[in-house]
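**Student:** Dropping the structure in here first, questions after.
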Amino acid sequence: MISRDLLWKGIVKDFFRDFVFLFFPATAHRIDWSKGFDFLEQEMAQLAHDSNSSHRVVDLLVKVHLLNGKEEWFLIHIEIQGYVDEHFAERMFIYFYRIRDMFSRKVSQLALLTDDDEDFHPTEYVEKSEHTETRHKFGCVKLAKKTAKADASGRRKTIYFITIRKSATK
């Protein structure tokens, strides 16, 4: 049986452009889609190989070209879980700095949460000590909220995400 992680990863890869337009429209309008996009599988493998933890594996890393002519990498982290993870925002920060450190690239992070907990919607990680403060913000969308709105408004564009969400939670 295929894992839900692999299912979602495959869906996002197959429908990447639609995925970005649906869940992160402001980002989608900054991308030059005529230049295509590349999934950075080798770079992901390198991150996983160099990680000290099996939980620190980036789901998707995508290279896109922006309309302003610049190249940017997007970290797409698909969080497939039915429970609140109090360390999720910290993991997003770790993914960010590891990619930034390893590849010396700007990284934009986009998280899609597929759990049903309405109160769990992290968008930043904050760490403070006596003389230092770190604040890391990232894009995050809750699939249940997005698909409920789309389902109610009758948007055909999201029908496969609604269908998959319902089938993947059974």
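**Student:** Report Met102's accessible area, 1.4 Å probe, all protein chains in place, as a number in Å² to the nearest 10.
**Tutor:** Probe radius 1.4 Å; accessible area of Met102 about 60 Å².
**Student:** Which order do Lys137, Lys70 take by accessible area at a 1.4 Å probe, largest first?
**Tutor:** On the way: Lys137 145, Lys70 120 Å².
So, going from the largest accessible area down, we get Lys137, Lys70.
**Student:** By how many nm would the segment from Arg30 to Tyr97 grow when fully extended, if each residue of separation counts as 0.36 nm and the alpha-carbon distance is taken off? Provide the component values of the computation, followed by the final result.
**Tutor:** On the way: separation 67, 0.36 × 67 = 24.12 nm, distance 2.31 nm.
Stretched fully, the Arg30-Tyr97 segment lengthens by 21.8 nm.
**Student:** When the accessible area of segment 81-125 is split by element with a 1.4 Å probe, what percent falls to carbon and sulfur? Show your work: numbers first, answer last.
**Tutor:** On the way: 1040 of 2400 Å².
Ligands and nucleic acids excluded, carbon and sulfur reach 43 percent.
**Student:** Please compute the net charge surrounding Tyr125, taking Lys and Arg as +1 and Asp and Glu as -1 over other residues with Cβ under 10 Å from its Cβ.
**Tutor:** Numbers: positive: Arg91, Arg135, Lys137; negative: Glu90, Glu124, Glu127.
Residues close to Tyr125 contribute a combined charge of 0.
**Student:** Pairs Lys106/Lys137; Lys9/Lys128; Lys9/Lys142: which are spaced more than 24 Å apart, C-alpha to C-alpha?
**Tutor:** Values: Lys106/Lys137 14 Å; Lys9/Lys128 34 Å; Lys9/Lys142 16 Å.
Listed pairs above 24 Å: Lys9/Lys128.
The values are calculated or read from the model by the stated rules, or taken from the named source; none is laboratory data. No experiment lies behind these values; they were computed from the predicted model shown. All Cβ positions, glycine included, derive from the backbone under ideal geometry; neighbour counts span all protein chains shown. Surface accessibility is based on the protein's heavy atoms, side chains included, excluding ligands, DNA and RNA. Shrake-Rupley method; radii C 1.70, N 1.55, O 1.52, S 1.80 Å.
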